[in-house]
Structure formats: C-alpha cells, structure tokens
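Worksheet for the structure shown next.
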Amino acid sequence: MSMSGIKRVGVISTSVLSILAIAYGLFLSSIVADVAAQDASPEASPSAVAAMTLTLDAEQSFARYIAQEELTGSGAQEVIGETQAIQGTLLFDEAWMPVAGSRIDVDMRTLVSPEARRDNYLYDNVLETGDFPLSTFISTGTEGLESGLVDGEETIFTLVGDLTLHGVTNEAKWDVTATLNGETVTGTATTTFVLTDYEMEKPIVGPVISIDDNIVLQMDVVAVPAA
C-alpha cells in the first residue's frame, strides 16, 4: 500500500468536510441514540445541577487524530485524519462551570486523511469501524478549574472523563482551551492515547516502518445553546 505524497490535512477542503458533516448528520444521530439507550448511566445523562446545555455545531466543529510515522524512502512525517461527523452536548452550571455528563460522539468511519488507502486500512483493520462505528467521551469532572468560564476570556483547564474507542473504555484527560462569548463556547481539546490501551494494533504495512506509540486526538468545537 503506497502512502507517498502525504500532505498535512490543511489541504482538505473545508467545504467538502462541511458537506460530509451534513450527509452523515442524521445517520450519526440515529446511531448515537441507539448507543445512548444501550449504555445509559448516571454519567451519560444530563446532570441534575446543569443549568445550561449547549450542543455542538457540526458545521464548525472538527475531530482529528494526529500520528507520527516513518516511511521507507520518505522518513518521518505527520499524518492527520479529520472529520466533521461529530455530535455532542456540553453541560454547565449557572456560573458556567462544566458539569459532569457532557458527551461527545464521533463517527470513526468518516475520518479522512490525504491517502484513501490508508483510511480504508484503518477502517477495516485497526479501528474496525464495522463493529465499532463511534468513539464516545463522557465527562466526569475537571482539574485546574476553580471557577466557571468568564465571558470574553480564554480559560485553560483539564477535562476528565471516560473515552470509549474500539469498544474499550479508559479514563482520558483532555487539555482544554475554551472561550465563552455570550452563550457560545469555542475551544480546542487535546489528549493522547496508546493504541494497545484500546486493543488496537499499529498499522505497520507496505512502506510504513514505524508509528509512534502516542496518538493525539484533538477536537475543535463550537457549542451553542440547545434549541
């Protein structure tokens, strides 16, 4: 499988990704509803103290993975796969303090990198998206946050919760930078994980010599008041 000519994900057209998000929106919603019904728990349900519920704007939100790999004849390079098939709710109390129970789901079948053959291999042999189409994060708390978000100010903290990927659930800690503008929250969240922690094997095939143990997951989100 050739992976030559890989470029950064910035070359992916935002308009194409927006169309992809719309096309998968209703389908993803139905899957999320089914998974939520099967996996319902106190953490997965909106907290009783949540005063505000925001929903992700899929046309402005992105989820991506970032991996470091080495190819024969090409050396080390960064690989990014991205999708806008992301859906979720963020919960806050009256002081704009994040509340446990926020949930984000990502359709792993829609992750796109500049190399389609890589994507197909990941779908079938690593992520096994036929059996595990979604990744889900449900928050359980925060670290480094003594008060709620302040309008017009950037806030940095750690969001803690349960990340389910490839059918395996582990605790994950996300480094979050968030800004409150009126009743809209924008931000970026980043975490790292090891493939074997989620019972996945490194895709060492074709010209791939090695892949770094740590894979980065990142989300750029825009959340608005729920309708």
Q) Rg (Å, one decimal) plus Dmax (Å, integer) for the alpha carbons of the range 132-174? A) 13.2, 39
**Q.** Karplus (6.51, -1.76, 1.60) ³J(HN,Hα), θ = phi - 60°, over the range 106-122, in Hz, Gly and Pro reported as x
**A.** 10, 7, 5, 6, 10, 5, 10, 10, x, 10, 5, 5, 5, 4, 5, 5, 4
Q: Using only the Cα atoms, work out Rg/Rh for the range 54-114, with Rh taken as the Kirkwood radius, to two decimals.
A: 1.18
Q.
Given the whole protein assembly as supplied and a 1.4 Å probe, what does the accessible area of ARG109 come to in Å², nearest 10?
A. 70 Å²
Q) Which whole-number value in Å² is the accessible area per residue of the range 155-222, probe 1.4 Å? A) 45 Å²
Q. So, in nm, how far is label THR72 from label ALA116 when the simple model puts each one 7 Å beyond its Cα toward the Cβ?
A. 2.4 nm
Q | Peptide ranges 147-155, 81-89 listed from the most packed, as the mean C-beta count within 10 angstrom indicates | A | 81-89, 147-155
Q. Full extension from GLU153 to ASP212: what is 0.36 nm times the residue separation minus their Cα-Cα distance, to one decimal in nm?
A. 17.7 nm
(Q) Taking the square root of 5 times each eigenvalue of the Cα gyration tensor, what semi-axes in Å does the equivalent ellipsoid of the range 146-227 have, largest first? (A) 32, 13, 12
Q. Carbon-plus-sulfur fraction of the accessible area of the range 114-227, 1.4 Å probe, in percent?
A. 46 percent
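The values are calculated or read from the model by the stated rules, or taken from the named source; none is laboratory data. Owing to the predicted nature of the structure, the values given are computational and were not obtained by experimental measurement. Positions of Cβ are generated from backbone atoms using ideal geometry, with glycine treated the same way; all protein chains shown enter the neighbour counts. Remember, those area values only see protein heavy atoms, side chains included, never the ligands or the DNA or RNA. Shrake-Rupley method; radii C 1.70, N 1.55, O 1.52, S 1.80 Å.
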